[in-house]
1. Counting Lys +1, Arg +1, Asp -1, Glu -1, what net charge surrounds Phe55 among other residues with beta carbon under 15 Å of its beta carbon?
2. I need to check one value: relative contact order of the range 1-114, counting alpha carbon pairs closer than 8 Å and at least 6 residues apart, in percent.
3. Straight-line reach only, C-alpha to C-alpha below 13 angstrom: list the aspartates and glutamates that Lys111 could link to, leaving out same-chain residues fewer than 8 apart.
4. With unit charges on the beta carbon (Lys/Arg positive, Asp/Glu negative), name the residue among Met17, Asn66, Leu93 whose Cα is farthest towards the positive pole of the charge dipole of the chain.
5. Computed from the coordinates I sent, semi-axes √(5λ) of the Cα gyration tensor in Å equals one of (1) 45, 23, 12; (2) 36, 20, 11; (3) 60, 13, 12. Tell me the label.
6. Report the net charge of residues surrounding Met81, where surrounding means a beta-carbon distance below 14 angstrom and charges are Lys +1, Arg +1, Asp -1, Glu -1.
7. If the elastic network links every pair of Cα atoms under 10 Å, which of Glu44, Glu30, Glu105 fluctuates the most in the Gaussian network model of the chain?
8. Which value, in debye to the nearest 20, gives the size of the charge dipole of the range 5-120 about its Cα centre, when Lys and Arg are +1 and Asp and Glu are -1 at the Cβ?
Amino acid sequence: MTFDLAQLLIDAEIFKMVLHTINGFIVNDETLALNVIKEVGTGEFVSHPHTSGNFRRIQSHSDLINRQARDAWVAGGSKTMADKSYEKAIHLLENHIPDPLSQEEADYIRKIIEDAEKEYGVK
């Protein structure tokens, strides 16, 4: 059996984005920005400080997804989501030091393994 850690990181990133959306958005006077709508009228809202400030705060954040303009992305090396995912997976494999399990957690896992071994006649 094979397992792609980079794909796991991509899946986790997508899950975070979905969860961010499912959690909903705050709707109040500040987020509706009726005062900005009145101020701008029929103009554009993208360059307004309220829009840019809230967009950065509300949008989901990602280490793997590049939201730069294409020229900036190309200038930065044109790394795809897969490229960045493999780099992150390798970095984690080489550098991550997991917290040790408590004795209670280790005993619980050991019991699960022993029960499975009995059930399947492995031991």
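1. Values: positive: Arg56, Arg57, Arg67; negative: Glu30, Glu44.
For residues surrounding Phe55, the net value is +1.
2. On the way: 32 pairs, mean separation 48.2, N = 114.
Relative contact order for the range 1-114 comes out at 42 percent.
3. Glu119
4. My answer, from the dipole projection, is Asn66.
5. Checked against the structure: label (1).
6. Around Met81, the surrounding residues sum to -1.
7. Judging by the Gaussian network model, the answer is Glu105.
8. 660
Since every read-out is calculated from the coordinates, none of them should be taken as a lab result. Source: prediction; values computed, not measured. Cβ: placed from backbone, ideal geometry, glycine included. Neighbour counts: every protein chain shown.
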